[in-house]
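The values are calculated or read from the model by the stated rules, or taken from the named source; none is laboratory data. On a predicted model such as this, the values are computed, not experimentally measured, just so you know. Don't worry about glycine lacking a Cβ; one is built from the backbone with ideal geometry, like all the others, and counts go over all protein chains shown. For the accessible areas, the whole protein counts, side chains as well, though only heavy atoms, and no ligand, DNA or RNA atoms are used. Shrake-Rupley method; radii C 1.70, N 1.55, O 1.52, S 1.80 Å.
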Amino acid sequence: MDRAWEAVTLRKPQATTLHLPSLEVSLLTDNEHYQQIVGDRLCHHASGAQKNGITVAVLSREDSEMPLPPVWGESIYHPREIEKQLSDTPFRATYFHDDGLWQIYDVHQRFGLQWMSGKFRHPPWEAGAPLRVFLHWAYQTLGHRLVHAGSLGKGGRGILLVGKGGSGKSGTVVGGISCGLRSVGDDYVLVQMNENRPTAYPLFQTLKQDLKGLQRLELEHLLGPTRHANWQNKYELKSEDIGQPLADRLAIGAIVIPHITGGPKSSFHPLSRSHAMLALAPSSLMQLPAERDSGVRFFSNLIRSVPCFQLNVGTDPHEISDTISALMERRYQCS
């Protein structure tokens, strides 16, 4: 990390201030490609009196004084083992073999380093959720959490949609937005627990849907000649592409697990908290490194704070959205 500070001092890379919920990020980089990703994909909030701030330097040999990052070697990189070894230190770290990329964070100094082997050598998912790992580490120290979930709501109130890939989260979110509901995100959202009441905030602009899903929702007209499928063979959109921007926040009243049935009607059924935990926690814990124990505690508190349901998803996006709206109205009338 000392070498990173030296590189920052010598080169004085361009600084960009990012205003996020409860956090201000100073991004230091001369990597124009990464600057564009951050500017396009992160949700930028109005600046205010932020009490918490971090600095993240995105550096490679092409745009800084940094050498090539060290290679892990042929042995398997075990994130859990690295987490244990660093647990008594102020450092957090993760490594990506395919791109030879290190992400390192000093909790005490609130300084992060994304050490790249080239200006374009970042994991493919980084383009849809830039700085995700650093935001995870920073918010974790504040008692908040990035959650792998979709979201829908209206009137400032909403639900979190959770489950493994292919369960229908993204399709339900995109369809809901097209039918007038609001969202704070399709893939990762920030959740804060205030007096055991969860509130979700947007961090990333990206919504994802494959071609079949867009055709089913009659949204394939959004695909112009310059829009290409990503590494998951999905197209990345923004909420305003569909009709309205992301909401500033949603007070969460339920955890919902979508289940695609292919039937004509949608319906909700109560679900045990243990089933909801199995749908919520594993993907968030696996995709975001370090401090899994604190993550389990956070998700347990989240699950206990609101009721949990299974949503049997029908085929008509308007009917699905009406069913979700009816659930939210019932929930908030009873709360």
- Is it the case that Pro202 is open to solvent by less than 30 Å² (accessible area, probe 1.4 Å), modelled with pLDDT of 95 or more, closer than 28 Å to Glu319 by Cβ and out of contact with any helix residue (DSSP H, G or I) (no Cβ under 6 Å at 6 or more places or on another chain)? yes
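On the basis of being surrounded by fewer than 24 Cβ atoms within 10 Å (Cβ to Cβ), touching a Leu at 6+ places or on another chain (Cβ under 9 Å) and closer than 30 Å to Glu32 by Cβ, does His144 make the cut? Give the steps one after another, and end with the answer.
Values: surrounded by fewer than 24 Cβ atoms within 10 Å (Cβ to Cβ): yes; touching a Leu at 6+ places or on another chain (Cβ under 9 Å): yes; closer than 30 Å to Glu32 by Cβ: no.
Criteria not met by His144.
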- Task: Would you check if there is a residue in the stretch 97-110 being among the polar types (S, T, N, Q) and within 29 Å of Arg182 (Cβ to Cβ)?
- Result: no
- Filter result (over 9 Å from the mean Cα position of the chain (by Cα) and either outside any strand (DSSP E or B) or among the β-branched types (Val, Ile, Thr) (or both)) within the stretch 137-154: Trp137, Ala138, Tyr139, Gln140, Thr141, Leu142, Gly143, His144
- Task: Tell me which residues, restricted to the stretch 282-317, are modelled with pLDDT under 85 and of a type in the set (A, V, I, L, M).
- Result: Leu285, Met286, Leu288, Ala290
- Taking first residues from the stretch 183-194 that are within 14 Å of Val306 (Cα to Cα) and second residues anywhere that are open to solvent by 10 Å² or more (accessible area, probe 1.4 Å) and β-branched (Val, Ile, Thr), the pairs with Cβ under 7 Å that are 6 or more apart or on different chains are Gln192/Thr199
- In the stretch 243-268, what count of residues is obtained for those that are of a type outside the set (Ser, Thr, Tyr), farther than 16 Å from Ile303 by Cα and out of contact with any Leu (no Cβ under 7 Å at 6 or more places or on another chain)? 13
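In the set Gly263, Gly224, which member is over 17 Å from the mean Cα position of the chain (by Cα), farther than 27 Å from Ile37 by Cα and assigned to a loop (DSSP other than H, G, I, E, B)?
Values: Gly224 fails: farther than 27 Å from Ile37 by Cα.
Exactly one residue qualifies, and that residue is Gly263.
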- Note on the structure: Of the candidates Gly224, Gly263, the one satisfying the condition of being open to solvent by less than 60 Å² (accessible area, probe 1.4 Å) and either in contact (Cβ under 8 Å) with a residue 24 or more places away in the chain or of a type in the set (Lys, Arg) (or both) is Gly263
